[in-house]
1. Could you list, in sequence order, all residues of the stretch 38-51 that are surrounded by 24 or more Cβ atoms within 10 Å (Cβ to Cβ), in contact (Cβ under 8 Å) with a residue 40 or more places away in the chain and not in a strand (DSSP E or B)?
2. Quick one: HIS194 ticks every box in (1) within 19 Å of ALA110 (Cβ to Cβ); (2) within 16 Å of the chain's Cα centre (by Cα) bar one, so which box is it?
3. Among residues belonging to the stretch 237-288 that are of a type in the set (Gly, Ala, Ser) and over 22 Å from ALA226 (Cβ atoms), point out the one that is surrounded by the fewest Cβ atoms within 10 Å (Cβ to Cβ).
4. Just wondering, is there one or more residues in the stretch 295-303 that are in contact (Cβ under 8 Å) with a residue 12 or more places away in the chain and within 24 Å of the chain's Cα centre (by Cα)?
5. Go through the stretch 174-207 and report how many residues are among the aliphatic types (A, V, I, L, M), surrounded by 21 or more Cβ atoms within 10 Å (Cβ to Cβ) and over 18 Å from VAL228 (Cα atoms).
6. Suppose the filter is more than 30 Å from ASP244 (Cα to Cα), in contact (Cβ under 8 Å) with a residue 12 or more places away in the chain and surrounded by 14 or more Cβ atoms within 10 Å (Cβ to Cβ); does ALA167 pass it?
7. With surrounded by fewer than 22 Cβ atoms within 10 Å (Cβ to Cβ), of a type outside the set (Ser, Thr, Tyr), farther than 12 Å from ALA226 by Cα and out of contact with any strand residue (DSSP E or B) (no Cβ under 8 Å at 6 or more places or on another chain) as the only criterion, which of PHE147, PHE143 stands out?
8. Out of contact with any Pro (no Cβ under 8 Å at 6 or more places or on another chain), modelled with pLDDT of 95 or more and surrounded by 19 or more Cβ atoms within 10 Å (Cβ to Cβ): does that describe THR108?
Amino acid sequence: MTEKLCALQEAVARFVPDGASVALGLQLESMIPFAAGHEIIRQGKRDLALVGPISDILLDQLIGAGCAKRVTAAWVGNVMMGSAYNFRRAIEDGIPHAVEMVDHTNFTLALALHAGALGVPFLPTYTAGGSSVIARNPGLAEFEAPFTGEKMQAVRAISPDVTIVQAQRSDASGNAHVWGNLGVLPDAVHAAKHVIVVAEEIVSAKVIASDPNRTVIPGFLVSAVAEVPFGAHPSPVQGYYNRDNEYFGEYHKATRTRAQFERWLKEWVTCLKGREEYLSRLGNDRVQSLKVRKHAWSARADFGN
């Protein structure tokens, strides 16, 4: 297969144009591609339509940096602390500029991505009936079901221009092993026009082929793959490092006002060249403290014949 390995900077420059719809943060609270989001900010991308289910502080950072024009999500905030201040400032006060919010439930968003993965324009569902979310989302509608005549809801498909995912390991062709909480990652990958894989490590094709059932992301769907250790920090990556709980509290305190956020953004994103400088600023002691200490290995699987 074609080698797709490149620097994260190149992947973002090539496949995340201004105005693109970008799905990220697809595994709920784990494996959020913060390194990729920070690169989007450094490159000054604008007018992005961000898609994510329960969207943690990476979306808040992208909104505060002025990258987003629309957010399609079930929730945006700081999972540990509550409010995401940049999101609130954008919605309530138009700071740094107004952002459109497209409300979904977790399930309707999952169905929308599943429809995109299947290549159908919508999927029927019983969920969200009687709720106010239908009135707030033009991608949800009531209809009369064929064959039965019953009232159902339709969820319009979402097909992102690019899906950015964090993976434990990948080969140079983008065949990636992912384990732990998958969330809506598989459907978001299949629904997207382009996929960027950010891998904790690049391994040989032989390693990937040794466990085909763990190859959640097939390389033929991938446009680019970048090796970025600790690329999901402060969120966790199963088997590599734990969640940096302190970071979420620190971010909450450091972004209460617009001026505070601008200082935070300069210190942690825009004045850094990439992930290596980010980790250096974080400090080796803190990085080491987050690494897995007690391993829980899965049983070996025999794929012989």
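The values are calculated or read from the model by the stated rules, or taken from the named source; none is laboratory data. All values reported here derive from a predicted model rather than from experimental measurement. Every residue, glycine among them, receives a Cβ derived from its backbone with ideal geometry; neighbour counts consider all protein chains shown.
1. The answer is HIS38, GLU39.
2. Result: HIS194 fails condition (1) only.
3. Here the residue is ALA259.
4. Checked the stretch 295-303: no residue is in contact (Cβ under 8 Å) with a residue 12 or more places away in the chain and within 24 Å of the chain's Cα centre (by Cα).
5. Just the residues of the stretch 174-207 that are among the aliphatic types (A, V, I, L, M), to begin with: 176, 178, 182, 184-185, 188-189, 191-192, 195-199, 202-203, 205, 207.
If we keep only those that are surrounded by 21 or more Cβ atoms within 10 Å (Cβ to Cβ) as well, we get 176, 178, 184-185, 188-189, 191-192, 195-199.
Still in the list and also over 18 Å from VAL228 (Cα atoms): 184-185, 188-189, 191-192.
Of the residues in that region, 6 qualify.
6. Against the criterion (more than 30 Å from ASP244 (Cα to Cα), in contact (Cβ under 8 Å) with a residue 12 or more places away in the chain and surrounded by 14 or more Cβ atoms within 10 Å (Cβ to Cβ)), ALA167 does not qualify.
7. The conditions single out PHE147.
8. Yes: the conditions hold for THR108.
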